[in-house]
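The values are calculated or read from the model by the stated rules, or taken from the named source; none is laboratory data. Quick caveat, the model's predicted, so the values are computed rather than measured. With ideal geometry, Cβ positions are generated from the backbone for all residues, glycine too; neighbour counts draw on all protein chains shown.
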Amino acid sequence: MSPHRPSSSAAPAPRAIILAAGQGTRLRPYTDDRPKCMVEVAGRPILHHQLRALRHHGVSEIVIVRGYLGDRITPDVPDGVTFIDNPNYASHQILLSLFAAGTAFTGDCIVSYADIVYHPDAVATLLASPASATLIVDRQWQRAYEGRTDHPLSEAELCFTTRQTERLVRKVGKRTSEDEGSRKPLGEFIGLAKFTAPYVARMWARYDRALARGREQPVGRASSLDRAYLTDLLNVGLADHDPIIAATIDGRWREIDTVQDLERAHAVVNW
């Protein structure tokens, strides 16, 4: 048996939620007629790379939150894949797309951005973590930014830990380096995470509190709830002393955010 495949006695794999509602404006013209997750990288759509990686490790229940041109999302293996529509995708950022999943975002869950391609081993690393909240963090993140002129370094969701050699997350997100001064990040959060049921319940409680304060009020570094990223809510949890662990990888993933990213990824995504 492959060391990466769960045995028959293993606990059921968590549900995966793929956040695929965004418009992908920086990938135009490739996104003129399809959502970002259906743009092809190395011969297959981004989404299909993700489905293969997840299913390789026994993740069979997959929920796709769709928005822009959502009816054009076509997974290669439809069994076990369900869709949830986010009609307000154009007015907010990724955090509200996650909570648009509603009751699907309960229990143990994997959460994945829809514009990333990752080696199946990243899923194995995620599933192996016993922590209540785990982020996949690339320690070799700077290599991907060499020559990446259309996606500035300030947009990297960097992960800082309590100490350079430890895995306990201190802060994560865009522009976190401005707060951390001379401290070096452990790496970049790639947009792939796992949360246990109790942690998901606490995320809902934090979201509900933010919603009660008003959608125009700041959340973390975001100016409002509508502009908040997943990492903004995670940082709220960290401020509440709710721990998050970084599980590290060394490359073998790519974010496809711009046309330049797409062109560069074809030569790198060879797994």
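Some points to look at:
- Set ASP79, ASP108: member being modelled with pLDDT of 95 or more and among the charged types (D, E, K, R): ASP108
- Filter pass, ASP226 being surrounded by fewer than 16 Cβ atoms within 10 Å (Cβ to Cβ), among the charged types (D, E, K, R) and either touching a residue at least 12 places away in the same chain (Cβ under 8 Å) or in a helix (DSSP H, G or I) (or both): yes
- Close Cβ contacts (under 7 Å, 6 or more residues apart or on different chains) running from residues in the range 243-271 that are without any contact (Cβ under 8 Å) to a residue 24 or more places away in the chain to residues that are crowded, with 16+ Cβ neighbours inside 10 Å comprise VAL268/ARG254.
- Among residues of the range 148-180 being among the hydrophobic types (A, V, I, L, M, F, W, C) and more than 19 Å from ILE256 (Cα to Cα), the one that is farthest from the chain's Cα centre (by Cα) is LEU168.
- ALA114 vs. criteria closer than 20 Å to LEU262 by Cα, touching a His at 6+ places or on another chain (Cβ under 9 Å) and in contact (Cβ under 8 Å) with a residue 40 or more places away in the chain: no
- Options LYS194, LYS171: the member that is in contact with a Leu (Cβ under 6 Å, 6 or more places away or on another chain), more than 19 Å from VAL268 (Cβ to Cβ) and part of a strand (DSSP E or B): LYS194
- Of all residues making up the range 84-100, the number that are under 14 Å from TYR113 (Cβ atoms), in contact with a Gly (Cβ under 8 Å, 6 or more places away or on another chain) and aliphatic (A, V, I, L, M): 1
- Counting only helices (runs of 4 or more DSSP H) that sit completely within the range 75-147, those holding 1 or more residues that are farther than 13 Å from ALA20 by Cα, of a type in the set (Val, Ile, Thr) and under 16 Å from the mean Cα position of the chain (by Cα) correspond to 120-128.
- Residue in the range 200-219 that is farther than 28 Å from LEU54 by Cβ, aliphatic (A, V, I, L, M), out of contact with any Ser or Thr (no Cβ under 8 Å at 6 or more places or on another chain) and part of a strand (DSSP E or B) present: yes
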